[in-house]
Amino acid sequence: MRSREQEYREIFMAEALEYYDAMSRHISELEKNPQSEQPLNELFRLMHNLKANARAMGYMDLGEVAHRMETIFGLIRSKEKAFSGSITGVLFGGIDTIGAMIRAIGENQELPNAESLLENLERLVRGEEPILTDEEVAVDDSRKLELSDLVYIQIKKLDHLLNLVGELIIDRDRIFTLGQEIGNPALQSAAAHLFRIADELQYSVMDARLVNVGSLFNKFPRVVRDVATTEHKEVNLSISGQDIQIDRNILQIITDSLLHLVRNAIGHGIETPEERIKAGKPPVGEVALEAAIERDDVLIQVRDDGRGIDVEKVRSKAVSRGLVNAQTAASLSAPAVRALLFEPGFSMAEEVTEISGRGVGLDVVKLAIDSMGGQLRVDSELGKGTTFTLVLPTSIAVKGALLFELEERSYALLLMHIDSVVSLWPEELHVVGGMLLAEVQGENVPVVGLRQLLHSGDEPLASADTEELIGRQDIIIVNYNNRRLGLIVDRFLRQQNIVIKPMTQPLDKIDLFGGVTLLGNGQVCLVLDVPALTRVFLAKRP
Amino acid sequence: MVQTESGGERKPIVQEALVQLIVFRLGTEEYGVRIEQVKEVTITPDIARMPKTPAFVKGIANLRGDIIAIIDLEERFSLRRGKADVSTSLTYTLAIEAHDYTIGIVVREVPQPLSLPVSAIERAPEFLQDSNIQEKYIEGIARFDSRIIIVLDMMKLLTPSEIMQLNPRAESSTARSRT
């Protein structure tokens, strides 16, 4: 993988060359039509941007030239100077020098000397005549034309490419399976080759869509400053893991969520400086944005060292909002109570503030993360702070899934939502309050037959009976929002990477399915949506 | 359409415009769909049943990479008289372009194309209002060589709400707010 430095440099080069091209174009236009304002404004803007970029990258000489050029263009714009006579020559020469400097940066060579140019620019500012050497007066006819090494591409085009690759992968799997069924060695070897090529193509397209998390994180210092000012709080933001890469569309989807979480952290998490001093904390609150890689997933954390989440307050609020009854609420563990924060209609803010109370709650964040098969977790210690963790797939295209069989058809569940799989004898399951319970890793987990869950009407599920279960039961333990649920299926099949196609209209109204995938044998396989299954179970449990 | 209505009265000498239908059998009667609404006719592909859908939605199938819903109109209009379920025998599927999606209609016999003059299609008589196939889905009745073909208006028949017979349910309300 390329280093961040190198990537930034390539982006700088691409932009700088583009600026240089635009400058050459605009100054020629200005020469033909000295009264025209538009090219002048453009030149001013381009010089300004180039100055900022060059200084940020540490190319101070280039920054200085751009700065002085900007000054002159500013003077011409404010009509203090006219674009005529000797100024023209100096400015044309200046843009050539800028071009030469950019080229030198690109080739890792020493930057050309710009002393005489800088002096001339200085003289112009003072209203003196520039001293042009013969060399500077001579038109440089040895100039080279060059094209940038980077291309800008619309994300739409990459989306299309990714969709096509998805289709290709499905067909590839089909051909591969056919090859094995037919047993023709030539076909098999061609299929194996196709398999590898398609794989590589898929990863290349996925790679082309990756962007640094930093491209989003770097927008936050400003956000934090503004929110902190409005809330009268002092906040220090630390950012890490900017060079972790993630699919651009995933970053797009989480943008609002991250903004919401950061605003929350400052609005609800961090206390005022006075409160912090009283609590024995430094007056400046800490908010951290961190990205890290965990297995195939990208973790993004928003952490604050503020007041933390008061579990008891959440518990009573959930009861008063009618989300749970008082009895159930009392028996919930702290993590389960915190998970209630993600329920629709739950908002902890006592009063609606400009920053945090926009009528969208954490449930919206949760839905956004769910929509791409990610997870949202919250950890908190009262008085110490809160951490929200977003577990995101690196790419939207391919997802790990567990395939299983139910009523002779294949279904898939995303691995992201699966805790574990177990096979239990009926004796190992107990009926409590009409519900099956299994002990999994020391915790009682409700278990339900997926068949009953899918085929139930609007009425509650029938009371469970272990007598109806025959033989070992294959159970998939899914986890959503801290709730574990066991689903009895007919048979586990295998683990596989799948390409999910969204459900087409009008069937997309059924939210139980996150989409469909096509298996190697051409069969259509429904991908079950764990959040929706959990909701159905909660609504219908006996 | 306008042309032919006035044309019918004047008994035109010029050859009358033809309408092409794809004709198929549902129950005991023949039905037709305008050919421009039919994307293709194919042997019914493997159908994956889909829980939580009305019984006449047979499921979804892969049609050249498109995932489409397959519906059974015999079941939709209660036209089946003790015959076996369509899923047990070889059947054909008409892929129909409806609104912004494609939908498959499963039929037992090979659908046939048929050209007939536009004037052969008459408006549906009133009595059909009481039948199972509500009048609003019927564009007209075609009489041709002593055959009677019921011409369906697929655009009305295949709206998302018609297909899903959607009743908002509590459990899905949160999910719907996502879009």
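A few remarks follow.
- Of the residues making up region B:87-104, those that are within 14 Å of another protein chain (Cβ to nearest Cβ), closer than 21 Å to B:VAL19 by Cβ and of a type in the set (A, V, I, L, M) are B:ALA95, B:ILE96, B:ALA98.
- Check on A:ASN497, in contact (Cβ under 8 Å) with a residue 24 or more places away in the chain, surrounded by fewer than 17 Cβ atoms within 10 Å (Cβ to Cβ) and within 23 Å of A:LEU376 (Cα to Cα): yes
- Verdict on A:ILE175 being within 14 Å of chain B (Cβ to nearest Cβ), at pLDDT 85 or above and either in a helix (DSSP H, G or I) or under 25 Å from A:VAL298 (Cα atoms) (or both): yes
Okay, residues lined up against (1) within 20 Å of A:THR389 (Cβ to Cβ); (2) touching a Ser or Thr at 6+ places or on another chain (Cβ under 8 Å); (3) not assigned by TED's automatic domain parsing to the domain that holds A:LEU164:
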site: A:PHE220; (1), (2), (3): yes, no, yes
site: A:THR229; (1), (2), (3): no, no, yes
site: A:SER238; (1), (2), (3): yes, no, yes
site: A:ILE254; (1), (2), (3): yes, no, yes
site: A:ARG263; (1), (2), (3): yes, yes, yes
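- Residue list for region A:206-242, restricted to those being assigned to a helix (DSSP H, G or I), among the aliphatic types (A, V, I, L, M) and crowded, with 18+ Cβ neighbours inside 10 Å: A:MET206, A:LEU216, A:VAL224, A:VAL227, A:ALA228
- Odd one out for A:GLY471 among (1) outside the structural domain of A:HIS260 (by TED's automatic domain parsing); (2) assigned to a strand (DSSP E or B): (2)
- For region A:308-318, the criterion of a residue being in contact with a Ser or Thr (Cβ under 6 Å, 6 or more places away or on another chain), outside any loop (DSSP other than H, G, I, E, B), of a type in the set (A, V, I, L, M, F, W, C) and buried (at least 21 other Cβ atoms within 10 Å of the Cβ) is satisfied by no position.
- Qualifying residue in region A:320-330 (condition: buried (at least 18 other Cβ atoms within 10 Å of the Cβ) and outside the structural domain of A:VAL365 (by TED's automatic domain parsing)): yes
- Among (1) in contact with a helix residue (DSSP H, G or I) (Cβ under 8 Å, 6 or more places away or on another chain); (2) surrounded by 14 or more Cβ atoms within 10 Å (Cβ to Cβ); (3) under 30 Å from A:SER215 (Cβ atoms) - the single one A:ASP256 does not satisfy: (2)
- Flag: B:VAL33 matches the condition of being in contact with a helix residue (DSSP H, G or I) (Cβ under 8 Å, 6 or more places away or on another chain), at pLDDT 90 or above and away from chain A (no Cβ under 14 Å).
- Among the candidates A:LEU469, A:LEU507, A:LEU454, residue that is modelled with pLDDT under 85 and surrounded by fewer than 22 Cβ atoms within 10 Å (Cβ to Cβ): A:LEU469
- Within region A:13-31, residues that are surrounded by fewer than 16 Cβ atoms within 10 Å (Cβ to Cβ) sit with their Cβ atoms under 7 Å from residues that are of a type in the set (Val, Ile, Thr), at 6+ positions apart or across chains, in these pairs: A:GLU31/A:THR88.
- Residue within region A:480-490 that is more than 23 Å from A:ILE369 (Cβ to Cβ), among the aliphatic types (A, V, I, L, M) and either surrounded by 14 or more Cβ atoms within 10 Å (Cβ to Cβ) or outside the structural domain of A:LEU367 (by TED's automatic domain parsing) (or both) present: yes
- Only one of A:ALA462, A:ALA539 that is touching a helix residue (DSSP H, G or I) at 6+ places or on another chain (Cβ under 6 Å) and surrounded by fewer than 20 Cβ atoms within 10 Å (Cβ to Cβ): A:ALA539
- Any hit, region A:382-397, residues being in a strand (DSSP E or B) and more than 19 Å from A:ILE300 (Cβ to Cβ): no
- Scanning region B:111-139 for residues that are loosely packed, with under 12 Cβ neighbours inside 10 Å and at pLDDT 80 or above turns up B:SER115, B:GLU122.
- Count of region A:276-304 residues which are acidic (Asp, Glu) and either in a loop (DSSP other than H, G, I, E, B) or touching a Gly at 6+ places or on another chain (Cβ under 7 Å) (or both): 3
- Listed by first and then second residue, the pairs with beta-carbon distance under 6 Å, at least 6 apart or on different chains, first residue in region B:60-74 and more than 10 Å from chain A (Cβ to nearest Cβ), second outside any strand (DSSP E or B) and not hydrophobic (A, V, I, L, M, F, W, C), are B:GLU74/B:GLY27; B:GLU74/B:ARG80.
- Flag if A:GLY434 is over 21 Å from A:PRO502 (Cα atoms), touching a Ser or Thr at 6+ places or on another chain (Cβ under 6 Å) and of a type outside the set (Asp, Glu): yes
- Hits in region A:492-542 - residues which are hydrophobic (A, V, I, L, M, F, W, C), within 24 Å of A:GLN202 (Cβ to Cβ) and more than 10 Å from chain B (Cβ to nearest Cβ): A:LEU493, A:ILE498, A:VAL499, A:ILE500, A:VAL527
The values are calculated or read from the model by the stated rules, or taken from the named source; none is laboratory data. Since the model is a prediction, treat every value here as computed from it, not as a measurement. In this analysis, Cβ positions are derived from the backbone assuming ideal geometry, glycine residues included, and neighbour counts consider all displayed protein chains.
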